[in-house]
Amino acid sequence: MRRPCLVLFISFAIGVYAGIQFGFSSGFGPALCTSLWITCAFYKVRFGSKSAYTVGLLVLVATAGALRSNYVAGGFPRHHLVHFDDRVGETVLEGEVSTPVETREKGSRFGLNIRSITIADTVFKSVGGILVNCKGFVPAISLGDLVRCVSKIDIPQPARNPGAFDYAAYLFRKGFHLTGRIVSEGDLQVISTETSSSLDRLISVVRAHVRGTIRQNLSGAPAALVEGVLLGDKSQLPDSVRDDFSRAGVSHVLAVSGLHVGLVAAGVFFCIRSFGGSGVASSLGTTCGVWLYALVTGLPASVVRAASVATLVVWARSGQRQVDGLNALGCAGIVLLAFRPLDILDLGFQLSFAATGGILVLHRPFTHALSIRRGGGGAPGSRPHWRYRWRPN
């Protein structure tokens, strides 16, 4: 295969989507894979088919994708949050803050990795993520803090009409299975701080430093706009600014994308090279830089895709090798779906990979059609080239 990673990514994505839509059981998937693999092996041995081995490999990869999506979508223990309901009234939640506090128009919200739930003086050990909404106040908590709060549990409702936005599925893909409501600042108590890992603390320090630098030079809507573009945090962006970008048709400018990753990668790479760093040192520094930026922005699909491709490109450059764009895109897709298979239903994931794939496929035909040549268009099939000549006045 000319582009093995791209073909494997397509097969894995088909398996992930089939597993989500049809819900293959853990026993049916391996049985189907084994039977198809035996059939392909038989055709290869009996008829000498060269493509039988390839077909069997693609079937194996697709089955792995289906099993992976089934595990993420339905592999919950009995004490998981998905088995609780919203008819228990007020509960006491104890857990670790998993996301930075996001300021909203009428309060704030944050993610909480549950450790235990207290209902009527009975403590239940539990796991899972819950999105906690704070009504009318912004709590003074940080990422990794262990907190206890009195909250009302709600079950997110799925879409009632076909094609409508499914808020429950959206939260599920983000790792939140329930939502909670805190009506008073006194209902939230910090038990301990700095329980998070060193990496989480580093990310918090970087985000705080960048946000502080922005706030020292800007304020109001401009500061919120820069934070949204650099950090992917649009929580403090006024609704009027969002509406202006939407009416102008440039809402995508507010999203962190591959362009930002490319600027970070280019800046780190050429900075290290300008100080005499070797190719290996430049590749290592660029890899650390782009993935640190990806972690700081919250690992959206577009940034993970761009960071994976940038990593492949810089290490291939260090080894004096060429990188096929579509093959690198397939490799990035495999990495992303292997860790977060449910992202295949996310519109940002679909648009990111579709747009990048379209650019890689169509850039050469468009360049050939729009190329500027001296004396005509050139022979069909020839590689286009641009010519510029400077002439003194």
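The values are calculated or read from the model by the stated rules, or taken from the named source; none is laboratory data. Note that the structure is a prediction, hence the values are computed from the model and not measured. Virtual Cβ from ideal backbone geometry, glycine too; neighbours counted across all protein chains shown.
Key figures for this structure:
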| item | result |
| --- | --- |
| Given (1) at pLDDT below 80; (2) hydroxyl-bearing (Ser, Thr, Tyr); (3) over 21 Å from Val138 (Cα atoms), number of the condition Tyr167 does not satisfy | (1) |
| Residue within region 54-67 that is closer than 30 Å to Ser204 by Cα and in contact with a Gly (Cβ under 8 Å, 6 or more places away or on another chain) present | no |
| Per-region count, region 298-327, residues over 18 Å from Ala266 (Cα atoms) and within 20 Å of the chain's Cα centre (by Cα) | 6 |
| Set Ala316, Ala265, Ala306: member being surrounded by 13 or more Cβ atoms within 10 Å (Cβ to Cβ), over 28 Å from Leu171 (Cα atoms) and either touching a Ser or Thr at 6+ places or on another chain (Cβ under 8 Å) or in contact (Cβ under 8 Å) with a residue 60 or more places away in the chain (or both) | Ala265 |
| Lone qualifier among Val72, Val61 - being under 30 Å from the mean Cα position of the chain (by Cα), assigned to a helix (DSSP H, G or I) and either at pLDDT below 65 or within 25 Å of Asp154 (Cα to Cα) (or both) | Val72 |
| Scope region 96-115; condition in a strand (DSSP E or B) and acidic (Asp, Glu); matching residues | Glu96, Glu102 |
| Filter result for Phe245 (over 30 Å from Ala316 (Cβ atoms), surrounded by 13 or more Cβ atoms within 10 Å (Cβ to Cβ) and touching a Ser or Thr at 6+ places or on another chain (Cβ under 6 Å)) | yes |
| Long-range neighbours under 8 Å by Cβ, at least six apart or interchain, first residue without any contact (Cβ under 8 Å) to a residue 60 or more places away in the chain within region 251-262, second surrounded by fewer than 21 Cβ atoms within 10 Å (Cβ to Cβ) and of a type in the set (Val, Ile, Thr) | Val253/Val229; Leu254/Val229; Val256/Val229; His260/Val229 |
| Region 173-186: number of residues that are over 27 Å from the mean Cα position of the chain (by Cα) and surrounded by 16 or more Cβ atoms within 10 Å (Cβ to Cβ) | 2 |
| Selection count where residues are over 30 Å from Ser108 (Cα atoms) and touching a Gly at 6+ places or on another chain (Cβ under 6 Å), scope region 237-284 | 3 |
| Region 178-214, residues that are of a type in the set (A, V, I, L, M) and in a helix (DSSP H, G or I) | Leu199, Leu202, Ile203, Val205, Val206, Ala208, Val210, Ile214 |
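Residue-wise test of (1) hydroxyl-bearing (Ser, Thr, Tyr); (2) buried (at least 19 other Cβ atoms within 10 Å of the Cβ).
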| site | (1), (2) |
| --- | --- |
| Ser98 | yes, yes |
| Pro139 | no, yes |
| Pro162 | no, no |
| Leu171 | no, no |
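Each row is one residue, and each column tells you yes or no for (1) assigned to a helix (DSSP H, G or I); (2) in contact with a Pro (Cβ under 6 Å, 6 or more places away or on another chain).
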residue: Gln216; (1), (2): yes, no
residue: Ala221; (1), (2): yes, yes
residue: Ala224; (1), (2): yes, no
residue: Gly228; (1), (2): yes, no
residue: Asp233; (1), (2): no, no
residue: Val241; (1), (2): yes, no
residue: Asp244; (1), (2): yes, no
residue: Arg247; (1), (2): yes, no
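Results for (1) aliphatic (A, V, I, L, M); (2) assigned by TED's automatic domain parsing to the domain that holds Ser11; (3) modelled with pLDDT of 80 or more; (4) on the phi < 0 side of the Ramachandran plot, shown as yes or no for each residue.
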{"residue": "Asp346", "(1), (2), (3), (4)": "no, no, yes, yes"}
{"residue": "Phe353", "(1), (2), (3), (4)": "no, no, yes, yes"}
{"residue": "Thr356", "(1), (2), (3), (4)": "no, no, yes, yes"}
{"residue": "Leu360", "(1), (2), (3), (4)": "yes, no, yes, yes"}
{"residue": "His363", "(1), (2), (3), (4)": "no, no, yes, yes"}
{"residue": "Thr367", "(1), (2), (3), (4)": "no, no, no, yes"}
{"residue": "Arg374", "(1), (2), (3), (4)": "no, no, no, yes"}
{"residue": "Gly377", "(1), (2), (3), (4)": "no, no, no, yes"}
{"residue": "Arg387", "(1), (2), (3), (4)": "no, no, no, yes"}
